[in-house]
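Structure first, commentary second.
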There are 2 protein chains.
Amino acid sequence: MISKLFKDMLQGKSVIREFAEYAQRRGSEIGYENVFDYSLGNPSVPAPEKFTQVMEDLLKNENPCALHGYSPTLGNNVFRKVVADSLKRRFGIAYGPEHIFPASGAAAALAHAFRCISKPGDEIIAFAPIFPEYQPYVNQTGAKLVLVPASIPDFQIDFAEFEKVISEKTAAVLINTPSNPSGILFSDDTLKKLADILNKKQKEYGHEIFIISDEPYREIIFDGKEIPYVAKFYDNTLSCYSFSKSLSLPGERIGYVAVNPSCKDAEYIVPMCGQVSRGIGHNCPASIIQLAVAKVIDMTSDLSVYEENMNLIYDKLVELGFEVPRPDGTFYIFPKALEDDAVAFCKKALKYDLILVPSDSFGCPGYFRMAYCIDTEKVKRSLIAFEKFVAAEYPNK
Amino acid sequence: MISKLFKDMLQGKSVIREFAEYAQRRGSEIGYENVFDYSLGNPSVPAPEKFTQVMEDLLKNENPCALHGYSPTLGNNVFRKVVADSLKRRFGIAYGPEHIFPASGAAAALAHAFRCISKPGDEIIAFAPIFPEYQPYVNQTGAKLVLVPASIPDFQIDFAEFEKVISEKTAAVLINTPSNPSGILFSDDTLKKLADILNKKQKEYGHEIFIISDEPYREIIFDGKEIPYVAKFYDNTLSCYSFSKSLSLPGERIGYVAVNPSCKDAEYIVPMCGQVSRGIGHNCPASIIQLAVAKVIDMTSDLSVYEENMNLIYDKLVELGFEVPRPDGTFYIFPKALEDDAVAFCKKALKYDLILVPSDSFGCPGYFRMAYCIDTEKVKRSLIAFEKFVAAEYPNK
């Protein structure tokens, strides 16, 4: 008999997907270039040319049996060493290859991390607003995602609310800085305070509480700010990374779990990831992709377009009277809607071919998310549509 | 706190891996070319040249944002259509793209299939000897793998034993034909009889019992025999395929689940796979690999070396007095050891640098597996070692 659990999940349609599908349908009516589609976080800049070259070289020069052969159980050793060396050089933490588990993107990295440090019945705390997929990611492990309400308007952490929900059942805290959907970075002060509380609670409860740091946007930081690195603030940190955004390779599914060497039981966690893989059917990212990414480890795509787009959108939204936290990075912005019901607001925007995603499923109602990984020329045209939208629908703003 | 479940699993080391690691260590002492390593099923023939060309063309001609961009949730539509058309053309079943779920290899395909058709507490029946990884694959879903003892000497199905274990709890039957480790094909008669029993039991229990058919060796068939296709025999069949062996791409992690269109609830199962993916962190095979494989869908590597190796080994083992079922396909052979304790037998073989894997973990003690995906020249040298081994250790044979 087919599984009731997974059949029932077919009913719960993703709001992001619904708006994205509308954008596609509308595009087939009026031309997709005329749809201001801010729904999906799909990188709009190409992978570095060097990546393409490296792939071509591998295909030309490597023995196909080795190039396309099985990776070792815990991943390609060259990739693991290159990642460890890069993190060590950049962030000053003494990673070795034994602390790196290659995973097919951040989703897979998180799937392994959750299973390594929790058991069914445990709780994993996250801070609203969140990427909605965190819910199924955690729920299918048997643990429970507990959400701390958003800290408005700074989008840091509401520590009073956090202290209400942390308990003996807390296995981990899941953070995402800079954040999808807000684009906001947790400040050093926020991370220090979080670490202090967790260190205290670990002693009180007599067990570790891990930070699982979801970092796909780590390299997309604006205004010349320092690239953040959570593991510097807290020993028991598992850093989950993806090259999807930094190298514009989301379909190639490559990332990693990096286990802080100072983490409790650090030596077990990567081998445990290998055991998790057996049950969930994950066996490393594609071999050729591991080898190619290892050769461009410290490169990124030209990410400057995201900052350019952010500035255009932020300035216009402020001018139009929106309350909007200024993003520190990512390619998202998270303004407050002009009415309490963000779904109604986003539906009205559709009349102007503006595809905005209401924030309810991000755990923070009344806002909307724009993914501005689109051409700057389109951004500029969309801002004219925004002016019309606000003037016509919210004339008193 | 780290997971006790996954930490404890670190103790249960794979016997195959242990022998493979010994082969590597021994290789560094005497040169790997002198170690007759029959431990691992890693293809020894290259991917077709056409595959390399296709990859190079994609890198040269495609827009990198599209080439490396996210696949749709249920996988690349071209890949899905090409697979469906190929299966339809070859096996006469009316698959459409909606019946195909791209998965990162057979392990991922099985992980999705198990979760779609069972729930914790259910039972999944398999027939010894089995690929040992079936145990963790099934156990981590919460279902239980139930093993029917081997049917000796024909390695078909012992239906009397099967009827003892099938029950209302049976969600699926997991088969693998041709089989790792035996290389034996289930005959048409076996599959018909299995289907008859399942059809009868479905009625009796009032729920479906699926066949999950693990088919990574489907294209490696000897003696000009017909390529087998299990779904032709039974409607409620999920076919789990991998291109690892047919195209020699095991590290690139690409395969699929094909849902028989006549299967109960066929329209739900692929979308349900998409829901399973969210929780286990699987998001399609690498984009470029899906696109490339779609262009070589009906090709295989030159697989003839496996048949050549099988004939050499089979003839010599028979000559030396082994009881050995003649493989119909795969690159495995599964002879009976020359003493009851297959572990002791395989340890003695190490003295002759013969790396054979004892069968205990395959659920069928007293045998050993040889993976003859190695150079034919090395096979020939190994047979001389085999002669010495048997003459010295089992002089009365």
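Couple of notes before you dig in:
- Pairing residues of segment A:4-17 that are within 17 Å of A:GLY41 (Cα to Cα) with residues that are of a type in the set (A, V, I, L, M), at Cβ distances under 8 Å and at least 6 apart in sequence or on separate chains, gives A:VAL15/A:VAL357; A:ILE16/A:LEU40; A:ILE16/A:VAL357.
- Checking each residue of segment B:245-265 against the condition of being more than 21 Å from B:ARG369 (Cβ to Cβ), free of Cβ contacts under 8 Å to residues at least 60 places away in the same chain and touching a helix residue (DSSP H, G or I) at 6+ places or on another chain (Cβ under 6 Å) gives at least one match.
Listed here are the residues, each with its yes/no results for (1) of a type in the set (Ser, Thr, Tyr); (2) in contact with a helix residue (DSSP H, G or I) (Cβ under 6 Å, 6 or more places away or on another chain); (3) assigned by TED's automatic domain parsing to the domain that holds B:LEU354.
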| position | (1), (2), (3) |
| --- | --- |
| B:PHE36 | no, yes, yes |
| B:GLN53 | no, no, no |
| B:HIS68 | no, yes, no |
| B:PHE79 | no, yes, no |
| B:GLY92 | no, no, no |
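- Residue within segment B:63-81 that is aliphatic (A, V, I, L, M) and within 30 Å of B:LYS347 (Cα to Cα) present: no
- Filter pass, A:SER382 being of a type in the set (Gly, Ala, Ser), in contact with a helix residue (DSSP H, G or I) (Cβ under 9 Å, 6 or more places away or on another chain) and modelled with pLDDT under 95: no
- The selection criterion, being out of contact with any helix residue (DSSP H, G or I) (no Cβ under 7 Å at 6 or more places or on another chain) and either at the interface with chain A (Cβ under 8 Å from one of its Cβ atoms) or surrounded by fewer than 19 Cβ atoms within 10 Å (Cβ to Cβ) (or both), holds for B:PRO120.
- Among all residues of segment B:96-103, there is at least one that is of a type in the set (Gly, Ala, Ser), within 13 Å of another protein chain (Cβ to nearest Cβ), touching a His at 6+ places or on another chain (Cβ under 7 Å) and closer than 30 Å to A:ARG17 by Cα.
- Taken over segment B:385-396, the residue count meeting the criterion of being under 33 Å from the mean Cα position of the chain (by Cα) and open to solvent by 90 Å² or more (accessible area, probe 1.4 Å) is 1.
- With respect to the conditions (1) open to solvent by 20 Å² or more (accessible area, probe 1.4 Å); (2) on the phi > 0 side of the Ramachandran plot; (3) in contact with a Pro (Cβ under 9 Å, 6 or more places away or on another chain), A:GLY206 falls short on a single one, namely (3).
- Going through (1) modelled with pLDDT of 95 or more; (2) within 14 Å of chain B (Cβ to nearest Cβ) one by one, A:THR330 falls short only on (2).
- Scanning segment A:164-189 for residues that are more than 12 Å from A:PHE127 (Cα to Cα) and not hydrophobic (A, V, I, L, M, F, W, C) returns A:LYS164, A:SER167, A:GLU168, A:LYS169, A:THR170, A:PRO178, A:GLY183, A:SER187, A:ASP188, A:ASP189.
- Residue count for segment B:276-314, restricted to those that are in contact with an Asp or Glu (Cβ under 6 Å, 6 or more places away or on another chain) and among the acidic types (Asp, Glu): 0
- Exactly one residue out of B:PHE114, B:PHE127, B:PHE101, B:PHE162 is more than 25 Å from B:MET272 (Cα to Cα) and buried (at least 23 other Cβ atoms within 10 Å of the Cβ): that is B:PHE127.
- The strands (runs of 3 or more DSSP E) located wholly in segment A:91-185 that include 1 or more residues which are without any contact (Cβ under 8 Å) to a residue 40 or more places away in the chain and more than 18 Å from the chain's Cα centre (by Cα) occupy A:144-148.
Residues checked against (1) away from every other protein chain (no Cβ under 14 Å); (2) open to solvent by less than 10 Å² (accessible area, probe 1.4 Å); (3) in a loop (DSSP other than H, G, I, E, B):
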{"position": "A:LEU194", "(1), (2), (3)": "yes, yes, no"}
{"position": "A:LYS201", "(1), (2), (3)": "no, no, no"}
{"position": "A:ILE212", "(1), (2), (3)": "no, yes, no"}
{"position": "A:GLU219", "(1), (2), (3)": "yes, no, yes"}
{"position": "A:LYS225", "(1), (2), (3)": "yes, no, yes"}
{"position": "A:LEU238", "(1), (2), (3)": "no, yes, no"}
{"position": "A:SER248", "(1), (2), (3)": "no, yes, yes"}
{"position": "A:GLY251", "(1), (2), (3)": "no, yes, no"}
{"position": "A:LYS264", "(1), (2), (3)": "no, no, yes"}
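- Looking only at segment A:282-310, and only at residues there that are of a type in the set (Val, Ile, Thr) and under 22 Å from B:ILE288 (Cβ atoms), the one that is nearest to the chain's Cα centre (by Cα): A:THR300
The values are calculated or read from the model by the stated rules, or taken from the named source; none is laboratory data. Note that the structure is a prediction, hence the values are computed from the model and not measured. FYI the Cβ positions are ideal-geometry reconstructions off the backbone, even for glycines, and counts take in every protein chain you see. For the accessible areas, the whole protein counts, side chains as well, though only heavy atoms, and no ligand, DNA or RNA atoms are used. Shrake-Rupley method; radii C 1.70, N 1.55, O 1.52, S 1.80 Å.
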